[in-house]
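**Q** Got a structure for you, written out below as structure tokens; questions coming shortly.
The values are calculated or read from the model by the stated rules, or taken from the named source; none is laboratory data. Source: prediction; values computed, not measured. Cβ placement follows ideal geometry from the backbone for every residue including glycine, while neighbour counts extend to all protein chains displayed.
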Ligand code: ATR
């Protein structure tokens, strides 16, 4: 059957290229998010996933090919920093880059994970400057979440399995730190899990015993596979508001899109793309 040519968008000689670099990247939802956004706005841009182990080689390729922007994921978020021409102060403070802008051949690193975390929380909690937020974990993701909370003026409490890492992160951001054993005595209105606990296949684990949950108003998990972690299931049962990991993923991509294109992102379309991919039955 003859297809209507106008219905199919095709890249051409003027198409701008964007992408994600990581290893592995096969399951990344970023190509879906950004391509849906490009199509929604009718931009002549395309976004691809690159499985990269030779980071330095990939970056000289990015420059040589004129690729306009990159998302950066595990394991390159820290190691990429030494190869970039410029890193903004927020990415330096977090110690990780998740976004690169190719500005006239200069690769500029920034971080939008903190924006994603803060926007996801503000949607449910409103202003954060009056809130006490307990962050579970002290790894790379925790650093972005804590930096975002500090930026918004929230009071931050950090609990981590390895206490020394909680202490180091807390000292950098003027926060308090705790071991998980101390959780019964920790007062906060919001909890954010930044650890991998609860992620498939670890489906039946949660760092917060369910009897402690009723004292918190909002529980956010940055894990999105599964969408409802044990922590979020327990939190719903305890009457807390819950925020799943797709919200942070969505808003960090929205911030990337706006940085690269200078246009307001089509948030609703991006959200629908994620829903279709993650909740096909809804
Ligand atoms: P990411 O970049 O995704 O944050 P990371 O930097 O490796 O990954 O950090 C992983 C976080 O999850 C850490 O806070 C880690 O705790 P430790 O600092 O004690 O290692 C936490 N984590 C991972 N597996 C865990 C588990 N089984 N129980 C408790 N915490 C865990």
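**Q** Which one is farthest from the ligand (Cβ to nearest atom) among residues in the range 212-226 that are assigned to a loop (DSSP other than H, G, I, E, B) and touching a strand residue (DSSP E or B) at 6+ places or on another chain (Cβ under 9 Å)? Walk me through how you get there before you give the answer.
**A** Of all residues in the range 212-226, those assigned to a loop (DSSP other than H, G, I, E, B) come to 216-217, 222-226.
Filter once more, so that each one left must be touching a strand residue (DSSP E or B) at 6+ places or on another chain (Cβ under 9 Å): 216-217, 222-223.
Numbers: 216: 18, 217: 23, 222: 8, 223: 9 Å.
Once the filter is applied, the top-ranked residue is 217.
**Q** Out of (1) within 19 Å of residue 94 (Cβ to Cβ); (2) in contact with a strand residue (DSSP E or B) (Cβ under 6 Å, 6 or more places away or on another chain); (3) more than 9 Å from the ligand (Cβ to nearest atom), what's the single condition that is false for residue 136?
**A** (3)
**Q** Output the residues belonging to the range 54-65 that are surrounded by 13 or more Cβ atoms within 10 Å (Cβ to Cβ) and touching a residue at least 24 places away in the same chain (Cβ under 8 Å).
**A** Answer for the range 54-65, where residues must be surrounded by 13 or more Cβ atoms within 10 Å (Cβ to Cβ) and touching a residue at least 24 places away in the same chain (Cβ under 8 Å): 55, 58, 59, 62, 63.
**Q** Is there a residue in the range 72-88 that is more than 18 Å from residue 252 (Cα to Cα) and surrounded by 23 or more Cβ atoms within 10 Å (Cβ to Cβ)?
**A** For the range 72-88, residues more than 18 Å from residue 252 (Cα to Cα) and surrounded by 23 or more Cβ atoms within 10 Å (Cβ to Cβ): present.
**Q** I'm checking my understanding of the structure. Among residues of the range 148-174 that are surrounded by fewer than 24 Cβ atoms within 10 Å (Cβ to Cβ) and closer than 22 Å to residue 97 by Cβ, which one is farthest from the ligand (Cβ to nearest atom)?
**A** In this case the residue turns out to be 152.
**Q** Residues that are in contact with a helix residue (DSSP H, G or I) (Cβ under 8 Å, 6 or more places away or on another chain), in contact (Cβ under 8 Å) with a residue 40 or more places away in the chain and assigned to a loop (DSSP other than H, G, I, E, B): does the range 45-53 have at least one?
**A** Taking the range 45-53 first, the residues in contact with a helix residue (DSSP H, G or I) (Cβ under 8 Å, 6 or more places away or on another chain) are 45-50, 52.
Imposing the further condition that a residue be in contact (Cβ under 8 Å) with a residue 40 or more places away in the chain reduces the set to 45.
With assigned to a loop (DSSP other than H, G, I, E, B) added as a condition, the list becomes none.
The answer is no; no qualifying residue exists.
**Q** Same structure again: Kindly indicate the residue of the range 187-211 that is surrounded by 13 or more Cβ atoms within 10 Å (Cβ to Cβ) and more than 16 Å from the ligand (Cβ to nearest atom) and also farthest from the chain's Cα centre (by Cα) among those meeting that condition.
**A** 210
**Q** Which residue is nearest to the chain's Cα centre (by Cα), if the candidates are limited to the range 29-44 and must be within 20 Å of residue 73 (Cα to Cα) and free of Cβ contacts under 8 Å to residues at least 60 places away in the same chain?
**A** 31
**Q** Which of the residues belonging to the range 60-88 are assigned to a helix (DSSP H, G or I) and closer than 28 Å to residue 273 by Cβ?
**A** At the first step, the residues of the range 60-88 found to be assigned to a helix (DSSP H, G or I) are 60-65, 79-83.
Within the range 60-88, 61, 62, 65, 80 meet the criteria.
**Q** Of the numbered conditions (1) at pLDDT below 95; (2) in a loop (DSSP other than H, G, I, E, B), residue 277 satisfies every one except a single condition; which is it?
**A** (2)
**Q** Out of curiosity, is residue 145 in a helix (DSSP H, G or I), within 14 Å of the ligand (Cβ to nearest atom) and crowded, with 21+ Cβ neighbours inside 10 Å? Write out each step before concluding.
**A** Working: in a helix (DSSP H, G or I): yes; within 14 Å of the ligand (Cβ to nearest atom): yes; crowded, with 21+ Cβ neighbours inside 10 Å: yes.
Yes: the conditions hold for residue 145.
**Q** Which of the following residues is within 16 Å of the ligand (Cβ to nearest atom) and in contact with a strand residue (DSSP E or B) (Cβ under 6 Å, 6 or more places away or on another chain): 80, 67, 87, 94? Can you show your working first?
**A** Values: 67 fails: within 16 Å of the ligand (Cβ to nearest atom); 87 fails: within 16 Å of the ligand (Cβ to nearest atom); 94 fails: in contact with a strand residue (DSSP E or B) (Cβ under 6 Å, 6 or more places away or on another chain).
None of the other options fit; the residue is 80.
**Q** Here's a check for you: in the range 125-140, which residue that is modelled with pLDDT under 95 and either under 18 Å from the mean Cα position of the chain (by Cα) or not in a loop (DSSP other than H, G, I, E, B) (or both) is surrounded by the most Cβ atoms within 10 Å (Cβ to Cβ)? Give the steps one after another, and end with the answer.
**A** Narrowing the range 125-140 to residues modelled with pLDDT under 95: 130, 139-140.
The next check asks that each one be either under 18 Å from the mean Cα position of the chain (by Cα) or not in a loop (DSSP other than H, G, I, E, B) (or both); those that pass are 139-140.
Values: 139: 14, 140: 17.
Of everything passing the filter in the range 125-140, 140 is surrounded by the most Cβ atoms within 10 Å (Cβ to Cβ).
**Q** I would also like to ask the following. Based on this model, can you work out whether residue 115 counts as away from the ligand (no atom under 12 Å from the Cβ), within 18 Å of the chain's Cα centre (by Cα), assigned to a helix (DSSP H, G or I) and touching a residue at least 60 places away in the same chain (Cβ under 8 Å)? Steps first, please.
**A** Details: away from the ligand (no atom under 12 Å from the Cβ): yes; within 18 Å of the chain's Cα centre (by Cα): yes; assigned to a helix (DSSP H, G or I): yes; touching a residue at least 60 places away in the same chain (Cβ under 8 Å): yes.
Taking the combined requirement at face value, the residue satisfies it.
**Q** Starting from residues that are in contact (Cβ under 8 Å) with a residue 24 or more places away in the chain and part of a strand (DSSP E or B), keep the ones in the range 89-112 and report whichever is surrounded by the most Cβ atoms within 10 Å (Cβ to Cβ). Steps first, please.
**A** Within the range 89-112, the subset in contact (Cβ under 8 Å) with a residue 24 or more places away in the chain is 90, 93-102, 105, 107-112.
Okay, now just the ones that are also part of a strand (DSSP E or B), so 99-102, 107-110.
Working: 99: 24, 100: 30, 101: 17, 102: 22, 107: 22, 108: 18, 109: 23, 110: 23.
If we take residues in the range 89-112 being in contact (Cβ under 8 Å) with a residue 24 or more places away in the chain and part of a strand (DSSP E or B), then 100 is surrounded by the most Cβ atoms within 10 Å (Cβ to Cβ).
**Q** Out of everything in the range 148-169 that is part of a loop (DSSP other than H, G, I, E, B) and touching a helix residue (DSSP H, G or I) at 6+ places or on another chain (Cβ under 7 Å), what residue ends up being nearest to residue 90 (Cα to Cα)?
**A** Step one: filter the range 148-169 for residues part of a loop (DSSP other than H, G, I, E, B), giving 152-154, 160-162.
Filter once more, keeping what is touching a helix residue (DSSP H, G or I) at 6+ places or on another chain (Cβ under 7 Å): 152, 160-161.
On the way: 152: 13, 160: 23, 161: 26 Å.
Looking at the filtered set, the residue picked out is 152.
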